[in-house]
Amino acid sequence: MPQEREEEDSGRDPGARSAIACLSRQLLLRFALRATVGVDLSGVAGPARALPVRFELAPPAEKPKKGASAEEQAAYRQEKKRRALTVVGRNAMASVRQSMDQRERCTIGS
């Protein structure tokens with residue numbers, strides 16, 4: 001069986017597997033703003049582009065070792081809830097919205 005596995009993977013980039021292993025615990029949320037490029041002669045908006053506006057790291061909580069105390073287990077559960085992707089995403093979106101509102105006020109006021 002191992003020989004068959006090597007034959008299957010022979011066409012792949014040898015560094016790909018190690019890159020995935022290194023990045024498996026690194027979660028990154030990307031927020032993009034969708035903007036149209038222009039308007040054609042008939043008044044229809046042109047093609048849209050996604051412009052990245054925020055990158056947010058969202059690493060998972062570190063699991064406590066086996067035999068950890070009850071306090072460490074409780075702290076892990078709280079940290080896990082705090083670092084959930086939905087929570088990190090919601091907080092990052094609120095931050096992006098606040099930044100956009102603040103810039104809009106600065107632009108309108110000038």
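A short reminder: the numbers here are calculations on the coordinates, not readings from a lab. Quick caveat, the model's predicted, so the values are computed rather than measured. Glycine also receives a Cβ, built like all others from the backbone with ideal geometry; neighbour counts cover every protein chain displayed.
Residue separation times 0.36 nm, minus the C-alpha to C-alpha distance between Glu62 and Arg105: what's the value?
Difference between extended and current length: 11.4 nm.
Per residue of region 90-107, in order, report the coupling 6.51 cos²θ - 1.76 cosθ + 1.60 (Karplus, θ = phi - 60°) as ³J(HN,Hα) in whole Hz, putting x for Gly and Pro.
Result, ordered by residue: 4, 5, 5, 5, 5, 5, 4, 4, 5, 4, 5, 5, 5, 5, 5, 4, 5, 5 Hz.
How much length would be gained if the chain were fully extended between Ala74 and Asp40, taking 0.36 nm per residue of separation minus their Cα-Cα distance, in nm to one decimal?
Residue separation times 0.36 nm, minus the Cα-Cα distance, leaves 6.4 nm.
What is the sum of charges, Lys and Arg at +1 and Asp and Glu at -1, for the other residues whose Cβ falls under 9 Å from the Cβ of Ser95?
+1
How charged is the neighbourhood of Glu56? Take every other residue with its Cβ under 13 Å from the Cβ of Glu56, and add Lys/Arg as +1 and Asp/Glu as -1.
So the surrounding residues net to +4.
Whose amide H sits under 5 Å from the amide H of Arg54, counting only residues 5 or more places off or on another chain, with H placed in the peptide plane?
Phe31
Computed FRET efficiency, Cβ-Cβ of Arg82 and Phe55, R0 25 Å: what is it to the nearest 0.05?
So the FRET efficiency works out to roughly 0.80.
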